[in-house]
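The values are calculated or read from the model by the stated rules, or taken from the named source; none is laboratory data. Remember, predicted model here, so these are calculated numbers, not experimental data. Here Cβ is always computed from backbone atoms with ideal geometry, including for glycine, and neighbour counts include all displayed protein chains.
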Amino acid sequence: MLNRSSAMGATVALVLSISTDARAIEPPEVVAAYDHLALQTPESIAVDYQGNRYVSLALTGEISRIDAQGNVAPLATLPIGAPLEPCHGFIAIMGALTYTPWGLYANVAACDLDDRGIWWVSPHDGSAARIAALPADALPNGIAHRFGRLYVADSAIGRVWRVPVFGGEPEVWVDDPLLDAVPNPFGAPGSNGLQFYGNELYVANSSTGDIVAFPLEGWSDEPGAARVHATLDQGCDDFAFDLHGTLYCTTDPFNTVVAVHPDGHSEVLLTADDGLDGPTAAASGRLGDRFGLYVSNAAFPFFPNDGTPSLLRFELDVPGYPFR
């Protein structure tokens, strides 16, 4: 998710170096198409064990559910405020989703502070409740779950929040300069997408291109010393891991998915020629769908794009990482 005020007039020149060791993939499947005229901007994806896909629509606060047969239906609408309304330095927006045994969780950067924070949503009937409040200077974006706790990237300040899935007062799990936003011509934020792999939490700093890893220490999973796992030419927005530790970064507004291998070297895997249109998030399928990589095309109205918001599925030759 990028700062609208910085990105509106930006002219970005980008040179991509594409290596020849890209993984074999099938042509993409359009799982669901959305209406850009209605400001439906798919921001994030979560997948459950029954084959349902859940998509957050950043500018409207809607969550849609796509069942295993491909039927698309609205599930819930969370209160973010008027679309494209500026507040607290950014625009009102719904950020990332994650699926857990307790239900869905979503980040809401609402203008009204009574609505701003982390929300629980029932995947069955769409009932929802805010479980944790966040302050006005926080911009909750990426979200991940581990052992009954939620971890939330704060794109406004270089920190990660943590809160139990049943709610409570959020704590600052880590505050590290490696996650701070730095000035850049396209308004990219600092800490953005985040995911677990093994006993480390990986966080994308979109403004620097760094993927920062924090080891988890002790029984309470406290953060160890940070390390820079990789640095990309384009800022990574969100990402998903495969079984072997390669992560797949989406790079809105650059229309690529970049594969970052365990040794830190990277390659451009997908481009606009593969159907990308403002890709903001990636997620692996589960169980029988573990070779599926889902990518959301937000096609935000304030970036140059084709105006084709959608959810795409790509077939990889390696399964996704099972712990999500």
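Overview of results
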{"quantity": "Residue check, Val174 within 21 Å of Phe90 (Cβ to Cβ) and either assigned to a strand (DSSP E or B) or under 15 Å from the mean Cα position of the chain (by Cα) (or both)", "calculated": "no"}
{"quantity": "Selection count where residues are surrounded by fewer than 21 Cβ atoms within 10 Å (Cβ to Cβ) and within 18 Å of the chain's Cα centre (by Cα), scope the range 41-59", "calculated": "2"}
{"quantity": "Cβ-Cβ under 6 Å pairs, at least 6 apart or on other chains, the range 212-233 side at pLDDT 95 or above, far side exposed (fewer than 14 other Cβ atoms within 10 Å of the Cβ) and part of a strand (DSSP E or B)", "calculated": "Ala213/Arg227; Gly224/Glu217"}
{"quantity": "Qualifying strands (runs of 3 or more DSSP E) (wholly inside the range 80-169; at least 2 residues being among the hydrophobic types (A, V, I, L, M, F, W, C) and farther than 22 Å from Gly187 by Cβ)", "calculated": "103-109, 117-121, 128-133, 159-164"}
{"quantity": "Qualifying positions in the range 106-115 - closer than 16 Å to Thr77 by Cβ and of a type outside the set (Asp, Glu)", "calculated": "Ala106, Asn107, Val108, Ala109, Ala110, Cys111"}
{"quantity": "Residue within the range 270-289 that is surrounded by fewer than 20 Cβ atoms within 10 Å (Cβ to Cβ) and of a type in the set (Val, Ile, Thr) present", "calculated": "yes"}
{"quantity": "The lone exception for Asp273 - which of (1) at positive phi; (2) in a helix (DSSP H, G or I) it fails", "calculated": "(1)"}
{"quantity": "Qualifying position, being in contact with a helix residue (DSSP H, G or I) (Cβ under 8 Å, 6 or more places away or on another chain), within 16 Å of Leu194 (Cα to Cα) and buried (at least 17 other Cβ atoms within 10 Å of the Cβ), among Val174, Val160", "calculated": "Val160"}
{"quantity": "In the range 65-79, the residues that are outside any loop (DSSP other than H, G, I, E, B), hydrophobic (A, V, I, L, M, F, W, C) and free of Cβ contacts under 8 Å to residues at least 40 places away in the same chain", "calculated": "Ala73"}
{"quantity": "Close pairs (7 angstrom Cβ cut-off, 6 or more residues apart or separate chains): closer than 17 Å to Phe300 by Cβ in the range 29-46, among the basic types (Lys, Arg) and surrounded by 17 or more Cβ atoms within 10 Å (Cβ to Cβ) anywhere", "calculated": "Ile45/Arg53"}
{"quantity": "Residue in the range 4-18 that is surrounded by 17 or more Cβ atoms within 10 Å (Cβ to Cβ) and at pLDDT 95 or above present", "calculated": "no"}
{"quantity": "Residues of the range 201-223 classified as of a type outside the set (Val, Ile, Thr) and buried (at least 16 other Cβ atoms within 10 Å of the Cβ), total", "calculated": "13"}
{"quantity": "Asp306 surrounded by fewer than 16 Cβ atoms within 10 Å (Cβ to Cβ) and either touching a Cys at 6+ places or on another chain (Cβ under 6 Å) or not in a strand (DSSP E or B) (or both)", "calculated": "yes"}
{"quantity": "Filter pass, Asp180 being more than 27 Å from Leu75 (Cα to Cα) and more than 19 Å from the chain's Cα centre (by Cα)", "calculated": "no"}
{"quantity": "Condition met for Asp137 (surrounded by fewer than 20 Cβ atoms within 10 Å (Cβ to Cβ), farther than 20 Å from Ile45 by Cα and not aliphatic (A, V, I, L, M))", "calculated": "yes"}
{"quantity": "From the options Leu178, Leu134, Leu150, residue that is without any contact (Cβ under 8 Å) to a residue 60 or more places away in the chain and under 21 Å from Cys249 (Cβ atoms)", "calculated": "Leu178"}
{"quantity": "Any hit, the range 141-156, residues being over 20 Å from the mean Cα position of the chain (by Cα) and β-branched (Val, Ile, Thr)", "calculated": "no"}
{"quantity": "Among (1) closer than 30 Å to Glu29 by Cβ; (2) within 19 Å of the chain's Cα centre (by Cα); (3) modelled with pLDDT under 95, the one test that Ile66 misses", "calculated": "(3)"}
{"quantity": "Positions within the range 276-303 being in a loop (DSSP other than H, G, I, E, B) and acidic (Asp, Glu), in sequence order", "calculated": "Asp277"}
{"quantity": "Odd one out for Ile45, checked against (1) under 21 Å from Leu287 (Cβ atoms); (2) touching a His at 6+ places or on another chain (Cβ under 9 Å); (3) among the aliphatic types (A, V, I, L, M)", "calculated": "(2)"}
